[in-house]
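Since the structure comes first, as structure tokens, the remarks are kept for the end.
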Amino acid sequence: VQLQASGGGLVQAGGYLTLSCAASGRTINTYAMDWFRQAPGKEREFVAGIALSGHSTYYADSVKGRFTISRDNAKNTAYLQMSSLKPEDTAVYYCAASYYGNYSGGDKRMDFWGKGTQVTVSS
């Protein structure tokens, strides 16, 4: 499956953005979908995950209550709604898919990765 993240941009602190992850090649309805991010000089970190049904989600503590992950299997797309953005949310955001479809946690193996989209939050 090929993944393409989009929707990044420059936003002021306190603002919001919605990222999309469009899949092609295969349907995503058998995969868990996750979002990760990598800030300059830092390791890539887990942000949020959603199981294939959409009923199970998991978030990193740093984004809990501000970010919402969702998916539309009919559109073969996953989303990350980000609100109350902070400068420390600045990073390249990546979407990924895992064969561990029923598990939304961030410690599973990811099998497919998309190219990232830059999110910059100004103070």
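By the rule of a C-alpha distance below 19 Å, with chain neighbours fewer than 8 residues away ignored, the lysines paired with Lys42 are Lys86, Lys115. Considered as an equivalent ellipsoid built on the Cα gyration tensor, the range 62-123 has semi-axes of 23, 13, 13 Å, the largest given first. For trypsin sites (Lys or Arg not before Pro), the sites in the range 1-96 that DSSP calls loop and that have at most 10 other Cβ atoms within 10 Å are Lys42, Lys64. Within the range 3-32, name every residue whose backbone N is under 16 Å away from a label modeled 7 Å from Cα of Ser84 along the Cβ vector. It comes to 13-17, nothing else. The orientation-averaged projected area of the convex hull spanned by the Cα atoms of the range 39-91 comes to 4.2 nm².
Quick one: with all protein chains in place, what share of the accessible area of the chain is carbon or sulfur, to the nearest percent (1.4 Å probe)? Please list the in-between numbers first.
Numbers: 3010 of 6280 Å².
Its accessible area is 48 percent carbon and sulfur atoms.
From the P(r) of the range 1-71, can you give the percent of Cα pairs sitting at distances over 21 Å? Here the long-distance tail beyond 21 Å is 29 percent of all Cα pairs in the range 1-71.
Rolling a 1.4 Å sphere over the protein heavy atoms, what is the accessible area per residue of the chain, to the nearest Å²?
On the way: 6280 Å² over 123 residues.
Here the per-residue accessible area is 51 Å².
May I have the convex hull volume per residue, in Å³, for the Cα set of the chain? All intermediate terms of the calculation are to be shown ahead of the outcome.
Values: hull volume 10.7 nm³, N = 123.
Each residue corresponds to 87 Å³ of Cα convex hull volume.
The values are calculated or read from the model by the stated rules, or taken from the named source; none is laboratory data. Fair warning: this is a prediction, and the values are worked out from it, not measured in the lab. All Cβ positions, glycine included, derive from the backbone under ideal geometry; neighbour counts span all protein chains shown. The area values use the complete protein model at the heavy-atom level, side chains included, leaving out ligands, DNA and RNA. Shrake-Rupley method; radii C 1.70, N 1.55, O 1.52, S 1.80 Å.
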